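Structure record follows, encoded as structure tokens.
What follows draws every value from the coordinates through simple rules; no lab data is involved. Quick caveat, the model's predicted, so the values are computed rather than measured. Quick reminder, even Gly has a Cβ in these numbers, built from the backbone with ideal geometry, and neighbours come from all protein chains shown.
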Amino acid sequence: MSEKLFSDWVLEMWPEWSLERSIGDRFERFADLLIEWNERMNLTAITGRRDVYVKHFLDSLSLVRCAGFRQSGSLVDVGSGAGFPGIPVALVCPDIHVILCESLKKKANFLRHVVGELGLSNVEVVDERSEDLAGSATWRDQADQVVARAVARLSVLAELCLPLARKGGTWFAMKGPDVQEEVTDARAAFDVLHAKIAMIETLELPEGYGNRTIVVCNKTGLTPTGYPRKAGTANKAPIGGM
């Protein structure tokens, strides 16, 4: 086990931001559950506690530090996987209603277990594909904020995420250090789905763990009829053909 608790990592990276002990304890419990369940099912390739702290927890919290992020309202985490960034965000932002969108039933069951164990009353798990969610009047054009972390290329992600965001809402695409080519390829999708890039922020993770880039897009209009297309179509034939 690492000599440092997760709260120590946070304090070193962001000295002005110290976690309450109860929140730090829940991050530790989350790490326990992630490592324990990963022995039975494939949740993540990142299993060392130190790596979990930095590559999952700190990386997820970089979203909260991003300019334009609102710590209230609704947030849909598309392709949440093992709960990133949605669960870390929910832990530190209790006024946000977080929807974890994860279509794989086994992972969704893990997320529900974590939500119960951590007592996260502000988190909802939905085991459907984002395209299906956005086809429902309950979810279409409704979320204040939408986020996706390393799920697919921007040209694909645009169609998976933007239809869930309300007009005036924000989409955060959490990517690796090199995004310019993806941004260029996604321009057609942004135009069709009524989105404009507001900013691109880069954060350096500690101790040589690399950089995280967040592409921040504003939703400028309602989702046009016909989008999102049938589940799986965006990945096979992205808008604009890239």
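Observations on the structure shown:
- Flag for ARG140 being closer than 30 Å to ASN109 by Cβ and assigned to a loop (DSSP other than H, G, I, E, B): yes
- Taken as a whole, the range 5-28 holds no residue that is in contact with an Asp or Glu (Cβ under 9 Å, 6 or more places away or on another chain), among the charged types (D, E, K, R) and within 24 Å of MET199 (Cβ to Cβ).
- Members of the range 3-33 that are surrounded by 13 or more Cβ atoms within 10 Å (Cβ to Cβ), touching a residue at least 60 places away in the same chain (Cβ under 8 Å) and either in contact with a Lys or Arg (Cβ under 6 Å, 6 or more places away or on another chain) or not basic (Lys, Arg) (or both): TRP9, MET13, LEU19, ILE23, PHE27, PHE30, LEU33
- Any hit, the range 148-155, residues being touching a Ser or Thr at 6+ places or on another chain (Cβ under 8 Å) and not in a helix (DSSP H, G or I): yes
- Restricting attention to the range 196-233, the residues that are under 17 Å from ALA148 (Cβ atoms), assigned to a loop (DSSP other than H, G, I, E, B) and among the small types (Gly, Ala, Ser) total 2.
- Which numbered condition ARG65 fails, given (1) within 17 Å of ILE96 (Cα to Cα); (2) surrounded by 18 or more Cβ atoms within 10 Å (Cβ to Cβ): (2)
- Of all residues in the range 195-218 being touching a residue at least 60 places away in the same chain (Cβ under 8 Å) and among the charged types (D, E, K, R), the one that is surrounded by the fewest Cβ atoms within 10 Å (Cβ to Cβ): GLU207
- Here GLU159 meets the list (1) in contact (Cβ under 8 Å) with a residue 12 or more places away in the chain; (2) in a helix (DSSP H, G or I); (3) over 26 Å from SER60 (Cβ atoms); (4) of a type in the set (D, E, K, R) almost entirely, failing just condition (3).
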